[in-house]
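Quick notes on the structure that follows.
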Amino acid sequence: MPVELTVFSRARAHGGRTAIVAAEGTFTYAELLASAERMATALLGGTADLGGARVAFLAPPGFAWVAAQWGIWRAGGVAVPLAVSHPPPEHEYVIRDAGAGIVLGHPEFADSLGPVAAACGARLVTTSEALGLAAVGSRLPAADDARPAMIIYTSGTTGRPKGVVLTHANLAAQITSLVTAWEWRLEDRILLVLPLHHVHGIVNVVACALWSGATCEMAPRFDPVDTWARIGRGRLTLFMAVPTVYHRLIAAWDAASPDHRRAWSAGARGLRLMVSGSAALPVTTLERWRAITGHTLLERYGMTEIGMALSQPLHGERRPGCVGGPLPDVAVRVVDEHGAPAAPGAPGELEVRGPAVFTQYWHRPDETAAAFREGWFRTGDVAVRDGDDYRLLGRTSVDIIKTGGYKVSALEIEEVLRSHPAIAECAVVGVDDPAWGQRVAVAVEMREGHTLTPEALQQWAGARLAPYKVPRSLLVMARLPRNAMGKVTKPELAALFS
């Protein structure tokens, strides 16, 4: 047998255990490994080793997605996940930017991927074609942890998406850090409701489960009622999601019958851990979720470039508004605008160092160099150290508002405004103001049956925002339709006030 990546040798040890439960069926680790070999054979096409060639792949969350990712690795390729929610032009951008010579697609997407692959000069292989091949034994290339494993594209909120290159060693460091901190075990069973083109779903859920010999239940898409039904069965031990998902689950629980509420809450109380991340968790959501399920959501902080860096403790106090301390094998620091250590309690840019940090932005040497300072990755997030915990104030580019000579956190102002009885959800942005530098602008979604004028909001917010150095006259308001908040970026929201 050739040398294997650790993820495969660990899976081989778990052979007969259930790895994946998905729309396609229930699959053991042995079946997953065999399917990955078939995928690899199809991708190799008679060659010995892909040698780091990029393979873009698109499949709905499920068994075929994992088999595709593992098959690319078994063939010596670099996996480039595409987003099922993106239109063909976005797929074409990623395929061209990554220089992918092969596109591996689920039959569900063959009609849209075919023309894109042809336009990019890439070979199209379907997952069904690959999984239909005969078993291949050991005729596959040896592994190398130093090789690139994945190129995951950033969200592109401040420019065109960049390809973040992660080696197999980077991914192993990200996985083992979380497996240690959150005490993953063989008996765990987690439900995936997250997209599989970001590290939250790819690493925190799927990779950690399969590294641990646990079972990953994969929903083809997020549906609040279906998610509650799965939780209510009482078989899950872990659940991880973003604040928007928890918000929608709370709304579904509120709309359900008393019998369903009791069953769902009872099922949730049986889980050992529930995690929130990828965005700031409103305290109102945290408190409501705790009332429904008994769980105080664990918050963590991470990025595509670094995996997870900070986490509240598995055991111990989880302080609202904080994201905990460094995970195992992760070093962090807070620095001022000159790169010097920030004074205790003073805000500064959060920087991260460790084996989980990415190697480069694909084909962007200047941007890669600019992202590091003396070996530390510059996250672009402003944070404050609060004892052993860190508190995030937001992105330097969109969440830090400079007004009247002060730097104000949009995230902190949002927390204050969410306590208004008429506001269901809100987002705060800074807009240019000739006298103050920036004015504080808030887009709001109203609660059912409530109204609110900008003048009334200013009056209500005056004393409450005074600690944040925001004069009430600087607060301006725009209304958004219900459920619109999660569909627009903060730069797009700022355009409402221009």
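None of the figures in this text is laboratory data; all of them are computed from the coordinates on show. Remember, it's a predicted structure, so these values are computed and weren't measured experimentally. In this analysis, Cβ positions are derived from the backbone assuming ideal geometry, glycine residues included, and neighbour counts consider all displayed protein chains.
Some notes on this structure:
- Here the average projected area of the convex hull drawn through the C-alpha atoms of the range 313-411 stands at 7.7 nm².
- Taking θ as phi - 60° and the Karplus parameters 6.51, -1.76 and 1.60, the scalar couplings of the range 417-422 work out to 5, 5, 7, 5, x, 8 Hz in sequence order, x denoting glycine and proline.
- Protection proxy ranking of 328-335, 85-92, 45-52, 6-13 - average other beta-carbon atoms within 10 Å, highest first: 328-335, 6-13, 85-92, 45-52
- Within the range 387-492, GluC sites (Glu not before Pro) in DSSP loop having at most 14 other beta-carbon neighbours inside 10 Å: Glu448
- FRET efficiency, Asp366 to Asp223 (Cβ-Cβ, R0 41 Å, nearest 0.05): 0.45
- Hydrodynamic estimate: the Kirkwood radius of the range 400-495 over Cα pairs, inserted into Stokes-Einstein at 4 °C and 1.567 mPa s, corresponds to D of 97 µm²/s.
- Over the range 6-144, the fraction of Cα-Cα pairs per 10 Å bin, rounded to whole percents and listed from the shortest bin up, is 13, 45, 33, 9, 0.
- Mean-position separation - Cα centroids, the range 49-110 and the range 244-259, in angstrom: 35
- Alpha-carbon centroids, the range 311-383 and the range 204-228: separation in whole Å: 28
- Length-normalised contact order of the chain in % [C-alpha pairs under 8 Å, at least 6 apart]: 10
- Those GluC sites (Glu not before Pro) in the range 133-242 that DSSP places in a loop and that have at most 13 other beta carbons within 10 Å: Glu183, Glu187
- Ordering of 189-202, 262-275 by packing [mean C-beta count within 10 Å, highest first]: 189-202, 262-275
- Amide H contacts under 5 Å for Ala149: Leu166, Thr167, His168, restricted to partners 5 or more places along the chain or on a different chain, H placed in the peptide plane at 1.01 Å from N.
- Cα-based Kirkwood hydrodynamic radius, the range 303-358, one decimal, Å: 12.5
- Using bins of 10 Å that start at zero, the share of Cα-Cα pairs per bin across the chain amounts to 4, 18, 28, 27, 16, 6, 1, 0, in whole %.
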